[in-house]
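A short write-up of the structure that comes next.
The values are calculated or read from the model by the stated rules, or taken from the named source; none is laboratory data. Note that the coordinates shown come from a computational prediction; the quantities given were computed from them, not determined experimentally. Backbone-built Cβ (ideal geometry, glycine too); neighbour counts: all protein chains shown. Accessible surface is based on the protein model in full, side chains and every heavy atom, while ligands, DNA and RNA are left aside. Shrake-Rupley method; radii C 1.70, N 1.55, O 1.52, S 1.80 Å.
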Amino acid sequence: ESLSVAELAKKLHREPSEIIKKLFMLGVMATINQELDKDAIELICADYGVEVEEEIRIDKTDLDTYFDDTIVEVDENALEERPPVVTIMGHVDHGKTSLLDSIRKTKVTAGEAGGITQHIGAYQVEVNGKKISFLDTPGHAAFTTMRARGASITDIAIIVVAADDGVMPQTVEAINHAKAAEVPIIVAINKMDKPSANPDRVQQELTEHGLVPEAWGGDTIFVPISALKGEGIDQLLEMILLVSEVGELKANPTRSAIGTVIEAQLDKGRGAVATLLVQDGTLRVGDPIVVGHAYGRVRAMVNDLGRRIKTAGPSMPIEITGLNEVPQAGDRFVVFQDEKTARQVGESRSMTAIQASRSEKQRVTLDNLFEQMSQGEMKELNLIVKADVQGTVEAMASSLMKIDVEGVNVKIIHTGAGAITESDISLAAASNAIVIGFNVRPDTNAKRAADEEGVDIRLHRIIYKVIEEIEHAMKGMLDPEF
Ligand code: GDP
């Protein structure tokens, strides 16, 4: 994809100094070892009257390439509608688990009378002849852990808000996690059966977070429900189908399967057991498969009712056995033509994983920010702002957004009053953001998570220092730290 100045010079049979001069004339300052982007390479080649032929190399061991539509050919004719994958998020005790249970109870047995639901981490229901898949781990921790690992499997987020309690800190977190992932949101106003329910207040509070009901001129769907009494569940499911239709979710059931691990564990009798979500293609018993760094053959496949099945199509969650080791939630899986290739890829992936775990992850920090910006890799600087009081949070966020450095936009992806938490860090890791704390510190878990993930936390006690530091970092004027 990219070439250094020296490599390009060699390909063009020119001296590097000549290339550097030409780049300079074109307004690009470059050194001999600098990596050039596609545009710069094309400019230079055009100057020499040479046409660029792009060579796309697929790294067979990089499972991500199998998920990349631009590399893997998409057969438009084979695409079919697929069910949406839904995650339920919201504040603790607002009814996420009750809602998941309520949906499962009313709908999961349709057409499968007598099936006993089995917890495999996700389940599917049928509504008006159409299927919907639900991830069965409520909350945004799982959602964001997956995203941090590069997997985005959720098509629609349901934000549950208790009508008697209103918008709470984790409600806001959930909204920001969904927004950062660019996933459409449906709001379920729960506990409508309670006499103290006040749905108007919930709607009012949510408008402050950009979720405005249609009746008030916005485009967010609100559904009043009672998870406890099973009221409003049908309407909620219909709205999910509506949003899913708008999203035109498609997959090709004829190709070999790819997807993501929902959860996995070691079972005494059965060995490694993994719940997979098929995202494209059809998975079959007997398929040679690589799952993260594990590999094997799909020995047995079970659906969310504990029934043995032979095939699983797009958006279907299934539990499989047959892997040589236990993969991790968020790991990708890819089916291969033959078992030998699967084994080779699996083995070489676990080798590189061991090496990679030794080398540092390259995340944005204030120290490497300018470098990443000058390489054109950053168009947006994502920030998470935490402070001791809400007023300060708002003042800081609005000042930070005003920072104006050419070419880079400051984007505040989450704010909150209180200590920096593990959830802040996982959001930062998933969105490549820097965390700013004003008069607050990270708690122990957050500190450990930040070290592990390489997330940059900046702590301050004076507002203008915060702004100054970010501004200087963006301009490459940060004083070295001693
Ligand atoms: P979670 O922490 O978000 O998963 O919330 P839970 O589903 O565990 O619910 C928390 C509490 O609220 C439980 O005691 C539920 O019985 C109760 N609850 C959930 N939904 C409703 C509802 O629609 N109406 C009423 N009255 N209580 C509810």
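With the structure loaded, tell me whether residue 178 is open to solvent by less than 10 Å² (accessible area, probe 1.4 Å), in a helix (DSSP H, G or I), under 30 Å from residue 453 (Cβ atoms) and within 11 Å of the ligand (Cβ to nearest atom) or whether it fails that test. Break it down stepwise before answering.
Working: open to solvent by less than 10 Å² (accessible area, probe 1.4 Å): yes; in a helix (DSSP H, G or I): yes; under 30 Å from residue 453 (Cβ atoms): yes; within 11 Å of the ligand (Cβ to nearest atom): no.
The answer is no for residue 178.
Has region 86-99 got any residue that is more than 16 Å from the ligand (Cβ to nearest atom), modelled with pLDDT of 90 or more and open to solvent by less than 10 Å² (accessible area, probe 1.4 Å)? Lay out the reasoning, then the answer.
Looking only at region 86-99, we keep the residues that are more than 16 Å from the ligand (Cβ to nearest atom), and these are none.
Within region 86-99, none of the residues are more than 16 Å from the ligand (Cβ to nearest atom), modelled with pLDDT of 90 or more and open to solvent by less than 10 Å² (accessible area, probe 1.4 Å).
Residue under question is residue 309, and the condition is that it be open to solvent by less than 10 Å² (accessible area, probe 1.4 Å) and more than 22 Å from the chain's Cα centre (by Cα); does it hold? So that I can check it myself, show each step before the final result.
Values: open to solvent by less than 10 Å² (accessible area, probe 1.4 Å): no; more than 22 Å from the chain's Cα centre (by Cα): yes.
Considered against the rule, which asks whether it is open to solvent by less than 10 Å² (accessible area, probe 1.4 Å) and more than 22 Å from the chain's Cα centre (by Cα), residue 309 comes out as no.
The set of residues from region 1-45 being open to solvent by 90 Å² or more (accessible area, probe 1.4 Å) and in a loop (DSSP other than H, G, I, E, B) comprises 1, 13, 14, 15, 29, 33.
Residue-level check: of (1) more than 27 Å from the chain's Cα centre (by Cα); (2) touching a residue at least 24 places away in the same chain (Cβ under 8 Å); (3) more than 30 Å from residue 40 (Cβ to Cβ), residue 420 misses just (1).
Of the residues in region 193-207, how many are touching a residue at least 24 places away in the same chain (Cβ under 8 Å) and either more than 16 Å from the ligand (Cβ to nearest atom) or assigned to a loop (DSSP other than H, G, I, E, B) (or both)?
8
Per this entry, residue 195 is counted among residues that are farther than 30 Å from residue 321 by Cα, open to solvent by 70 Å² or more (accessible area, probe 1.4 Å) and modelled with pLDDT of 95 or more. Among the residues making up region 212-246, those that are over 15 Å from residue 133 (Cα atoms), more than 16 Å from the ligand (Cβ to nearest atom) and part of a helix (DSSP H, G or I) are 214, 215, 216, 246. Residue 189 passes every criterion in (1) under 24 Å from residue 248 (Cα atoms); (2) open to solvent by less than 10 Å² (accessible area, probe 1.4 Å) apart from (1). Here is a check on your reading of the model: is residue 72 away from the ligand (no atom under 16 Å from the Cβ) and at pLDDT 85 or above? Answer is no for this residue. Within region 252-274, the residues that satisfy the criterion of being in a strand (DSSP E or B) and buried (at least 16 other Cβ atoms within 10 Å of the Cβ) are 256, 258, 259, 260, 261, 262, 263, 264, 272, 273, 274.
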